[in-house]
1. Taking the condition among the charged types (D, E, K, R) and modelled with pLDDT under 85, does residue 140 pass?
2. When you check residue 53 against the structure, is it within 30 Å of residue 22 (Cα to Cα), open to solvent by 40 Å² or more (accessible area, probe 1.4 Å), at pLDDT below 90 and not in a loop (DSSP other than H, G, I, E, B), yes or no?
3. If a residue must be outside any strand (DSSP E or B) and touching a residue at least 12 places away in the same chain (Cβ under 8 Å), how many such residues does segment 56-71 contain?
4. Mind counting the residues in segment 112-131 that are closer than 23 Å to residue 73 by Cα, exposed (fewer than 15 other Cβ atoms within 10 Å of the Cβ) and in contact with a strand residue (DSSP E or B) (Cβ under 6 Å, 6 or more places away or on another chain)?
5. Can you tell me which residues in segment 109-129 are touching a residue at least 40 places away in the same chain (Cβ under 8 Å), under 19 Å from the mean Cα position of the chain (by Cα) and assigned to a loop (DSSP other than H, G, I, E, B)?
6. Looking at 82, 91, 107, 155 in this structure, which one is farther than 30 Å from residue 40 by Cα, open to solvent by 50 Å² or more (accessible area, probe 1.4 Å) and not charged (D, E, K, R)?
7. Taking residue 166 and the conditions (1) open to solvent by 70 Å² or more (accessible area, probe 1.4 Å); (2) hydrophobic (A, V, I, L, M, F, W, C); (3) farther than 26 Å from residue 53 by Cα; (4) not in a helix (DSSP H, G or I), which numbered condition does it fall short on, given that it satisfies the others?
8. Checking residue 100 against (1) touching a residue at least 40 places away in the same chain (Cβ under 8 Å); (2) in contact with a strand residue (DSSP E or B) (Cβ under 8 Å, 6 or more places away or on another chain); (3) closer than 22 Å to residue 66 by Cβ, which test does it fail?
Amino acid sequence: MEHSGIRIPDIIAVILTVLAAIVVLWSPYHLWFPVVLAGMPALWLLFRYLLLRHELKTGNPGIAKVVGTEHQTRTTRMRNRPDITLELYAPVVEYDTPNQKMRITYPVFSVNKWFEEGRSYPIHYSVRHPWQFWFLDRQKERLLRLETMLAIVGPVAVLYGVCLSIAYLLV
């Protein structure tokens, strides 16, 4: 089974963020727009992070066999520096759940090819979403992207809210 795409909670979070931003823009508190714009996604990211952490702890154990390699080339362009081209790799794995056989590309690409085709690795997969899996010895990879986004978006929303509150008190 192949699976990719946006899930219903993601769509709901985007719709709620847009609606909250529109309401704030039309209200007398329009200066709070950046707080809402950063705060709603921060809350959604926190929810996704806690949900994924829970699924990492309670996932079903399994064995995944690497059956292929997904390859991507990414070019990073920075001003006043030469372009950097990176070759990235992710394993394509197969594993069995009680209901079906899954064939999934691991969503975390890395510069070094740490896996071998044909070799089996211990994994955990989500009970509710069996296409979500993680290698037991690489659990933090799945959380790292969410942690990074939370570390940026959350403090920005809080900092702007604090500054705006101080500005309201001083006026």
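The values are calculated or read from the model by the stated rules, or taken from the named source; none is laboratory data. Just so you know, these numbers come straight off a predicted model, no measurement behind them. All Cβ positions, glycine included, derive from the backbone under ideal geometry; neighbour counts span all protein chains shown. For the accessible areas, the whole protein counts, side chains as well, though only heavy atoms, and no ligand, DNA or RNA atoms are used. Shrake-Rupley method; radii C 1.70, N 1.55, O 1.52, S 1.80 Å.
1. It is true that residue 140 is among the charged types (D, E, K, R) and modelled with pLDDT under 85.
2. In short, no.
3. So the answer is 3.
4. Count: 2.
5. Within segment 109-129, 126, 127, 128, 129 qualify.
6. On inspection, the qualifying residue turns out to be 82.
7. With (1) open to solvent by 70 Å² or more (accessible area, probe 1.4 Å); (2) hydrophobic (A, V, I, L, M, F, W, C); (3) farther than 26 Å from residue 53 by Cα; (4) not in a helix (DSSP H, G or I) applied to residue 166, the lone miss is (4).
8. Every condition holds for residue 100 apart from (2).
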